[in-house]
1. Could you pull out the chymotrypsin sites (Phe, Trp or Tyr not before Pro) across the range 26-60 that fall in loop regions by DSSP (anything but H, G, I, E, B) with no more than 15 other Cβ atoms inside 10 Å?
2. If you filter the range 48-109 for trypsin sites (Lys or Arg not before Pro), then keep DSSP loop positions with at most 15 other Cβ within 10 Å, what is left?
3. Relative contact order for the chain: what is it in percent, counting Cα pairs under 8 Å that are at least 6 residues apart?
4. Calculate one ³J(HN,Hα) per residue across the range 15-25 by plugging θ = phi - 60° into the Karplus curve 6.51 cos²θ - 1.76 cosθ + 1.60, and present them in order as whole Hz with x for glycine and proline.
5. Under a Cβ-only charge scheme (Lys and Arg +1, Asp and Glu -1), can you give me the dipole magnitude of the range 34-78 about the Cα centre, in debye to the nearest 20?
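None of the figures in this text is laboratory data; all of them are computed from the coordinates on show. From a predicted model like this one, the values you see are computed outputs, not experimental measurements. Here Cβ is always computed from backbone atoms with ideal geometry, including for glycine, and neighbour counts include all displayed protein chains.
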Amino acid sequence: MSLEDIKQRRRIQRLIRGKRKPKFMRYLSWEFWKFERRDSWRKPKGKDSKMRLEIKGYPPRVKVGYRTRKEIRGLHPSGLKPVVIHSLRDLETLNPREHIVYIASSVGLRKRLELIKIAEDRGFKVIG
């Protein structure tokens, strides 16, 4: 790895660490148990909804301004692009300096251990 690559990776890691996004909550999820269990975002649509009107003290709404920068969008905190692999063939086209490897959940234990060993021999970081 060249010095330029290392500097670029460190810069990207700093950007990723610095990104902060609020937890977007469903309206009234803090009051109702049935919503706490499924706290997925739903757009507030009520006529007098305090959250829709963006009144102080209510959680933030999803907006385009919260989107992450294009250069770090979808990257792993290490600064590498995450890729899911199912077989050895998927591993052959990847570069260990650019990609971090997830092994698919549908892969069995015997094949998983084999893939982990081969990936680490080739210099890939393996997650999960």
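1. Numbers: sites: TYR27, TRP30, PHE32, TRP33, PHE35, TRP41; in loops: TYR27, TRP30, PHE32, TRP41.
Answer in residue order: TRP30, PHE32, TRP41.
2. Here the sparse-neighbourhood loop sites are LYS50, ARG52, LYS56, LYS63, ARG67, ARG69, LYS70, ARG73, ARG97.
3. Relative contact order, the chain: 18 percent.
4. 5, 5, 5, x, 6, 10, 10, x, 7, 7, 9
5. Working: 16 positive and 5 negative charges, 45 e Å.
Roughly 220 debye, rounded to the nearest 20.
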